[in-house]
1. So residue 54 fits all but one of (1) without any contact (Cβ under 8 Å) to a residue 60 or more places away in the chain; (2) open to solvent by 70 Å² or more (accessible area, probe 1.4 Å); what number is the exception?
2. Quick test of your reading of the structure: residue 59 fulfils all but one of (1) within 9 Å of the ligand (Cβ to nearest atom); (2) in contact with a strand residue (DSSP E or B) (Cβ under 6 Å, 6 or more places away or on another chain); (3) closer than 25 Å to residue 160 by Cα. Name the failing condition by number.
3. Whether any residue in segment 72-84 is buried (at least 21 other Cβ atoms within 10 Å of the Cβ), away from the ligand (no atom under 12 Å from the Cβ) and over 14 Å from residue 19 (Cβ atoms) is what I want to check.
4. Scan segment 187-207 for residues that are open to solvent by less than 60 Å² (accessible area, probe 1.4 Å), more than 22 Å from residue 84 (Cα to Cα) and not polar (S, T, N, Q) and jot them down.
5. Take residue 38 and tell me if it is part of a helix (DSSP H, G or I), of a type in the set (Lys, Arg) and within 15 Å of the ligand (Cβ to nearest atom).
6. What is the one condition in (1) surrounded by 14 or more Cβ atoms within 10 Å (Cβ to Cβ); (2) more than 14 Å from residue 90 (Cβ to Cβ); (3) within 14 Å of the ligand (Cβ to nearest atom) that residue 150 does not satisfy?
7. Do we have any residue at all in segment 24-31 that's charged (D, E, K, R) and surrounded by fewer than 17 Cβ atoms within 10 Å (Cβ to Cβ)?
8. Identify, please: which residue in segment 213-233 is more than 24 Å from residue 148 (Cα to Cα) and among the acidic types (Asp, Glu) and is, among those, surrounded by the fewest Cβ atoms within 10 Å (Cβ to Cβ)?
Amino acid sequence: ADKVVAITGASSGIGEATALLLAERGARLALRARRSERLADLVDRIEKAGGTAVHTRTDVTRREDLHSLVALARERFGRLDVLVGNAGAGPISPLDDLRVDEWDEMVDVNIKGVLHGIAAALPVFREQRSGHFVTTSSTAAFRVVPSMAVYAGTKVAVRAICEGLRQEAGAFFRVTTVFPGFVHTDFAEASTNTAVRERIAGMRDEIAIPPDAIARAIAFAIEQPAEVDVNEIAVRPTAQD
Ligand code: NJP
């Protein structure tokens, strides 16, 4: 359909794959992340294939950036139908490493980044009497694995926030939380602990599924009829524990 969809974390991985798939299916897109040159290239590819997309640099830890995202999407396309809150940070490490700045980063991007999106889009969805929040959590929200304590904590928080949002949504807007398992993206390189990074990268090369698998799950939720709200979707590699 011709929905207006804003995607955070659109510059690589799951966000990029979702942008390409939704553009192919007719959505008009507002793409956001910090790496503008990658976004510009993505917009180019989408337009060359006949799609419609705009981009602006956004840091989801800055509340005002999310407000401008929502405002610009409405200015450009007249409304906002879906906010895909997908930006995430995963510099994972054992707690005992005390990489406290990285804990802060994960809390700021993964939790506050999602909250900033909700704060910006909720009044618009209420006014339109329609809208859809799609947020990327993680299967780490279901089971903590070694070195993932803080990361998993942020993704548990995302799940709780989105479930609370769903309960408050009434008949106005929809809430979908996506829980990816191991996906083949740059995410595996984010850890600054060499042993952890090598272990994760090794697992990635062995079992990870392509980001398009998550894009298809997001498209499935978005394309349901208005009265159907797909709330939680977990998508793991078949070989994942
Ligand atoms: O990873 P990656 P994924 N402001 O690194 C953006 C979750 N997940 O696609 O700003 C704005 O390719 C960053 O853009 P840039 C994961 O937790 C993954 O795998 O340009 N954007 C990039 O576009 C995350 O929520 C796996 O650097 C910021 C994007 O986030 C989501 O999937 C498993 C930002 C990250 O893309 C997408 O991650 C799982 C900021 N401050 C959950 N900081 C997996 N890959 O295995 C980062 O369970 N970004």
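1. Condition (2) is where residue 54 drops out.
2. Of everything listed in (1) within 9 Å of the ligand (Cβ to nearest atom); (2) in contact with a strand residue (DSSP E or B) (Cβ under 6 Å, 6 or more places away or on another chain); (3) closer than 25 Å to residue 160 by Cα, residue 59 misses just condition (2).
3. Yes.
4. 196, 200, 201, 202, 204, 207
5. Criteria met by residue 38.
6. If we test residue 150 against (1) surrounded by 14 or more Cβ atoms within 10 Å (Cβ to Cβ); (2) more than 14 Å from residue 90 (Cβ to Cβ); (3) within 14 Å of the ligand (Cβ to nearest atom), just (2) comes out false.
7. yes
8. Checked segment 213-233; the qualifying residue surrounded by the fewest Cβ atoms within 10 Å (Cβ to Cβ) is 227.
The values are calculated or read from the model by the stated rules, or taken from the named source; none is laboratory data. Bear in mind the structure is a predicted one, so any value in this text is a computation, not a measurement. With ideal geometry, Cβ positions are generated from the backbone for all residues, glycine too; neighbour counts draw on all protein chains shown. Accessible surface is based on the protein model in full, side chains and every heavy atom, while ligands, DNA and RNA are left aside. Shrake-Rupley method; radii C 1.70, N 1.55, O 1.52, S 1.80 Å.
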